[in-house]
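The values are calculated or read from the model by the stated rules, or taken from the named source; none is laboratory data. What you see is a predicted model, and the numbers here were worked out from it, not measured in a lab. Glycine gets a Cβ as well: all are built from the backbone with ideal geometry, and neighbour counts include every protein chain shown.
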There are 2 protein chains.
Amino acid sequence: MTVSRDDVKARLDQISHLLERHRVLESLAGRQGSEKRDLLAHMQRRENLVELERRLRGMHPADLALILASLPTTDRLIVFRQLPPRETGLTLVELDDEVRASVIGELRPDELIQAVGALDADDFAYLAPSLPDDIVTELSATFGSADRSWLVDTAAYGEGTVGRLMRQDVVALRLDQTAGEAVNQLRAGVPLPSQTDRLFLVDVRHLLRGSLPISELIRGHPDTPVADLGIAETAAFRPSDPASRAAKTFERYDLVSAPVVDDLGKLIGRITIDSVVDYMRDASDQDALTRAGLRGAEDLFAPLSESVRNRWPWLALNLVTAFAASRVIGVFEDTIARVVALATLMPIVASIGGNTGNQTVALVIRALALDQLRDTGGRLARKELLVSAVNGLTWGGVVGVLAYGIYRSASLSVVMTAAVFLNLVVAALAGVAVPFALRWAGRDPAHGASVVLTFVTDGAGFFMFLGLATVFLL
Amino acid sequence: MTVSRDDVKARLDQISHLLERHRVLESLAGRQGSEKRDLLAHMQRRENLVELERRLRGMHPADLALILASLPTTDRLIVFRQLPPRETGLTLVELDDEVRASVIGELRPDELIQAVGALDADDFAYLAPSLPDDIVTELSATFGSADRSWLVDTAAYGEGTVGRLMRQDVVALRLDQTAGEAVNQLRAGVPLPSQTDRLFLVDVRHLLRGSLPISELIRGHPDTPVADLGIAETAAFRPSDPASRAAKTFERYDLVSAPVVDDLGKLIGRITIDSVVDYMRDASDQDALTRAGLRGAEDLFAPLSESVRNRWPWLALNLVTAFAASRVIGVFEDTIARVVALATLMPIVASIGGNTGNQTVALVIRALALDQLRDTGGRLARKELLVSAVNGLTWGGVVGVLAYGIYRSASLSVVMTAAVFLNLVVAALAGVAVPFALRWAGRDPAHGASVVLTFVTDGAGFFMFLGLATVFLL
């Protein structure tokens with residue numbers, strides 16, 4: 001049975017222990033006086049490394065990647081150098097981008113070439129953007145001409161395209177083959193790649209004509225032409241298609257693999273559910289980070305300067321919006337000087353507006369992502385307006401009563417209720433409008449909507465509350 | 001080739017058009033005077049419905065589900081009643097929970113029984129929690145005894161377990177069979193279920209002993225025992241395992257299907273990548289909604305009262321925290337009355353603290369989810385503290401300079417810088433501590449962390465800024 005998560009954790013503890021010992025032995029080796037003691041420490045150190053190597057043996061590259069990610073930068077190198085040689089390349093493939101960058105940055109060129117030299121063209125193509133250019137050039141030359149042109153072709157496709165996810169390990173059958181001939185072809189060839197649930201049918205010009213589930217092939221009579229075993233309808237992609245569309249199609253039609261064709265309809269590769277799942281995970285991780293105002297993931301053990309830079313753009317933007325909202329308050333300084341309670345209550349108006357607005361934003365973004373919104377969202381806007389009106393009266397009322405409890409002023413209480421009500425209406429309108437506007441501007445609504453919305457509800461909340469107070473309380 | 005997303009949109013437009021006509025004809029039928037005209041309108045109405053039925057034919061249940069989700073409640077019923085009878089049950093399976101509830105709520109019991117009556121036990125088990133109890137009881141009786149006990153067993157597993165995702169459509173081979181015998185067994189049986197990339201090997205007592213990729217079976221010599229074709233190591237799950245662990249395992253080891261065994265190790269079912277992907281999508285959708293303070297997804301066309309209720313718990317919580325922060329400000333009303341600029345500047349201190357804290361929270365939650373944090377996060381806390389100290393000095397300085405530009409008060413400017421610096425340090429500490437505390441309390445850190453953190457940074461921001469001002473400015 002496969003190594004489970006708990007096993008990985010246990011291994012990690014053992015490995016940390018060995019690394020700890022390694023550090024102690026290293027420092028001893030430096031400090032010891034006599035040559036004899038030096039030799040002893042050196043031997044113990046080697047023994048320790050051999051033990052480390054033994055612990056790493058037989059682990060899946062995905063687990064090795066997890067172990068590397070959990071270790072500080074210097075320990076990562078020690079462990080990486082003890083990896084079974086066959087696993088070094090695949091472990092690099094499995095690493096998260098930011099951890100991979102740290103490991104690759106520390107390896108010597110010859111170590112790097114040895115580590116990735118055994119990868120096939122598909123894995124090498126995946127890794128190439130993370131490798132130094134001269135190493136890519138040097139290693140590309142070692143591939144055959146078909147692989148070399150595959151490497152050039154796939155490198156041309158941008159991040160987030162099907163071209164980046166596709167692999168060339170596609171098994172094609174000729175339409176005019178019989179099931180028996182197909183089975184013999186499979187027996188004679190190399191083992192089938194994993195995630196092979198279907199074989200692709202092509203005509204003499206290698207144009208894609210359909211696909212045949214491998215389970216149908218195994219059940220078919222040897223003399224039946226593969227074309228008669230049922231050409232399943234197959235969603236085909238082009239390398240330039242967005243990966244997000246492929247992910248939706250895989251999800252919607254429960255696909256395991258799908259063909260990729262060129263502009264003429266020729267079969268050139270395939271994408272498989274494992275890379276689609278990785279893409280989905282990366283996209284949703286990146287979403288969560290972007291929403292929180294980070295440019296990307298951070299290696300836990302990255303240098304300080306990288307972490308600081310990762311957070312600055314968002315903080316700068318936040319400062320601009322916070323100052324703008326602050327200037328709105330500044331307009332009403334005279335009012336606040338006369339009714340100081342306003343300063344105490346105003347953050348409540350802004351905060352409840354931001355919260356309801358972000359609820360609307362989340363629902364609109366989900367509906368956009370699910371393709372559920374057909375028109376420009378008029379019906380949705382009406383519904384959100386109604387909900388916010390009900391919530392505005394309810395919570396505005398509650399807030400008004402609480403404010404009265406504290407300050408015993410009926411007029412202040414009414415102003416508070418009115419401001420909360422109005423800000424919730426603004427929040428609903430902005431909550432619908434902002435994601436649509438961002439999409440219309442060609443941006444991902446999931447990323448910027450929240451900051452724009454909070455800016456609107458803060459500014460509007462302060463303005464309406466203090467404005468109403470100026471008119472009715474002074 | 002499969003219907004693409006654009007095709008679905010085109011179909012949806014045609015269908016909306018037909019529904020529009022349907023409404024016009026319905027209203028005409030009521031208003032027409034003569035019997036003859038009535039008949040004409042009636043005929044046109046029927047013609048229109050036939051046309052609608054024609055448009056729906058041949059579509060994938062997933063696409064039909066998308067179309068239903070995009071239509072208002074009344075239109076959904078009209079469309080649902082024109083669906084090809086074979087697709088009604090599967091379309092219900094494909095619907096999002098909230099849309100499914102609306103459709104099921106509107107159907108008559110006899111329509112519902114007809115709609116789901118043709119489903120197999122796996123799909124019916126999936127749907128059962130959404131159906132009225134009496135209909136579940138009535139339909140369960142129509143299944144064979146094996147299926148009936150399957151329905152009872154799976155119903156016992158809670159939401160978010162492997163038991164809820166598993167299917168019984170597992171193909172098992174006996175260890176002592178030869179490849180040829182296995183192929184003959186497959187030929188004689190029913191078509192293999194989709195997502196069958198591997199067959200499971202069991203011994204005479206039906207204990208799971210491994211699995212055989214179907215691609216290996218097809219390549220194996222007919223006389224070779226299946227046991228010799230390579231018992232691939234197989235991750236096996238129990239029905240009570242959390243679905244999230246299964247999802248991680250599928251993702252990490254690129255699985256397409258995996259066996260489910262009972263406590264004795266007997267093979268009882270399997271889970272497949274399509275249900276894992278659906279689970280991942282649902283979980284990440286729910287995450288995004290919960291983070292925005294919604295209890296769950298909302299049907300776009302749900303009644304107002306449901307939408308309002310969906311948003312209240314969060315707004316109530318928000319009100320409590322906002323009032324608490326407001327009371328912190330209340331303590332310093334005298335200070336504000338003497339230096340009104342403080343009221344203008346204090347939201348900036350709170351806001352920048354909330355933003356940096358949420359950046360930290362996002363990174364900690366990600367590291368927790370990826371199992372990258374081994375100890376209690378001491379190293380992470382140190383790093384975040386350092387980052388926030390650097391950011392606090394930088395942005396605190398910027399804010400101080402800007403405040404000086406507006407109010408020309410050096411002491412106010414220094415108080416502002418100090419408060420931003422201190423609030424960023426608090427934000428970093430809380431950003432690390434809050435997710436850990438929530439996890440320690442057995443809650444999902446992704447859900448409550450942001451609201452707790454913002455509460456801390458708001459309160460601390462107001463307190464430190466106004467407190468420092470009281471000490472140094474008065």
- Task: Could you identify the single residue in B:R209, B:R187 that is within 13 Å of another protein chain (Cβ to nearest Cβ) and either part of a helix (DSSP H, G or I) or among the aromatic types (F, W, Y) (or both)?
- Result: B:R187
- Among the residues of segment A:302-311 satisfying the criterion of being more than 8 Å from chain B (Cβ to nearest Cβ) and of a type outside the set (S, T, Y), which is nearest to A:V451 (Cα to Cα)? A:N310
- Taking segment A:127-150 as the region of interest, how many residues are crowded, with 19+ Cβ neighbours inside 10 Å and hydroxyl-bearing (S, T, Y)? 0
- Message: Any residue at all in segment B:132-144 that's within 30 Å of A:F250 (Cβ to Cβ) and in a helix (DSSP H, G or I)?
- Response: no
- Within segment B:157-169, work out how many residues are crowded, with 20+ Cβ neighbours inside 10 Å and over 19 Å from the mean Cα position of the chain (by Cα). 1
- Is it true that some residue in segment A:44-54 is β-branched (V, I, T), loosely packed, with under 15 Cβ neighbours inside 10 Å and away from every other protein chain (no Cβ under 13 Å)? yes
- Item | Search result, residues across segment B:260-305 that are part of a helix (DSSP H, G or I) and in contact (Cβ under 8 Å) with a residue 60 or more places away in the chain | B:I273, B:D274, B:S275, B:V276, B:Y279, B:D287, B:T290, B:R291
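Considering only residues that are of a type in the set (A, V, I, L, M, F, W, C) and either more than 8 Å from chain B (Cβ to nearest Cβ) or surrounded by fewer than 18 Cβ atoms within 10 Å (Cβ to Cβ) (or both), which ones fall in segment A:256-274?
So the first thing to find is which residues in segment A:256-274 are of a type in the set (A, V, I, L, M, F, W, C), and the list is A:256, A:258, A:260-261, A:264, A:267-268, A:271, A:273.
If the condition is that a residue be of a type in the set (A, V, I, L, M, F, W, C) and either more than 8 Å from chain B (Cβ to nearest Cβ) or surrounded by fewer than 18 Cβ atoms within 10 Å (Cβ to Cβ) (or both), then A:A258, A:V260, A:V261, A:L264, A:L267, A:I268, A:I271 are the ones that fit.
Yes/no matrix, rows are residues, columns are (1) of a type in the set (D, E); (2) crowded, with 21+ Cβ neighbours inside 10 Å; (3) more than 7 Å from chain A (Cβ to nearest Cβ):
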{"site": "B:V320", "(1), (2), (3)": "no, no, yes"}
{"site": "B:A324", "(1), (2), (3)": "no, no, yes"}
{"site": "B:E333", "(1), (2), (3)": "yes, no, no"}
{"site": "B:T344", "(1), (2), (3)": "no, yes, no"}
{"site": "B:I348", "(1), (2), (3)": "no, yes, no"}
{"site": "B:S351", "(1), (2), (3)": "no, yes, no"}
{"site": "B:G357", "(1), (2), (3)": "no, yes, yes"}
- Return yes when B:A227 is farther than 25 Å from A:I273 by Cα, out of contact with any helix residue (DSSP H, G or I) (no Cβ under 9 Å at 6 or more places or on another chain) and either facing chain A (nearest Cβ under 10 Å) or free of Cβ contacts under 8 Å to residues at least 60 places away in the same chain (or both) and no when it is not. yes
- Might you check whether a residue that is of a type in the set (A, V, I, L, M), part of a helix (DSSP H, G or I) and within 14 Å of chain A (Cβ to nearest Cβ) occurs anywhere in segment B:103-115? no
- Task: Considering only segment B:248-295, state which residues are modelled with pLDDT of 90 or more, among the small types (G, A, S) and within 18 Å of the chain's Cα centre (by Cα).
- Result: B:S275
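Check segment A:366-383 and report whether any residue there is buried (at least 24 other Cβ atoms within 10 Å of the Cβ) and under 17 Å from A:A433 (Cα atoms). Explain how you work it out, then say what you get.
Here is the first cut: in segment A:366-383, the ones buried (at least 24 other Cβ atoms within 10 Å of the Cβ) are none.
No: zero hits.
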- Message: Within segment A:90-98, does at least one residue satisfy the condition of being crowded, with 20+ Cβ neighbours inside 10 Å, in contact with a helix residue (DSSP H, G or I) (Cβ under 7 Å, 6 or more places away or on another chain), away from chain B (no Cβ under 14 Å) and closer than 24 Å to B:L373 by Cα?
- Response: yes
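Any idea which residue in segment A:232-250 is farthest from the other protein chains (Cβ to nearest Cβ), counting only those that are in a loop (DSSP other than H, G, I, E, B) and in contact with a helix residue (DSSP H, G or I) (Cβ under 8 Å, 6 or more places away or on another chain)?
So in segment A:232-250, the residues in a loop (DSSP other than H, G, I, E, B) come out as A:233-236, A:238-241.
Then drop every residue that is not in contact with a helix residue (DSSP H, G or I) (Cβ under 8 Å, 6 or more places away or on another chain), which leaves A:235, A:238-241.
Numbers: A:A235: 4, A:R238: 12, A:P239: 17, A:S240: 15, A:D241: 10 Å.
Ranking the qualifying residues of segment A:232-250, first place goes to A:P239.
Of the residues B:R439, B:R379, only one is touching a Leu at 6+ places or on another chain (Cβ under 9 Å), at the interface with chain A (Cβ under 10 Å from one of its Cβ atoms) and basic (K, R); which?
Working: B:R439 fails: at the interface with chain A (Cβ under 10 Å from one of its Cβ atoms).
On inspection, the qualifying residue turns out to be B:R379.
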- Message: Looking for something facing chain A (nearest Cβ under 7 Å), touching a helix residue (DSSP H, G or I) at 6+ places or on another chain (Cβ under 8 Å), crowded, with 23+ Cβ neighbours inside 10 Å and under 25 Å from A:G293 (Cβ atoms) - is there at least one such residue anywhere in segment B:405-419?
- Response: no
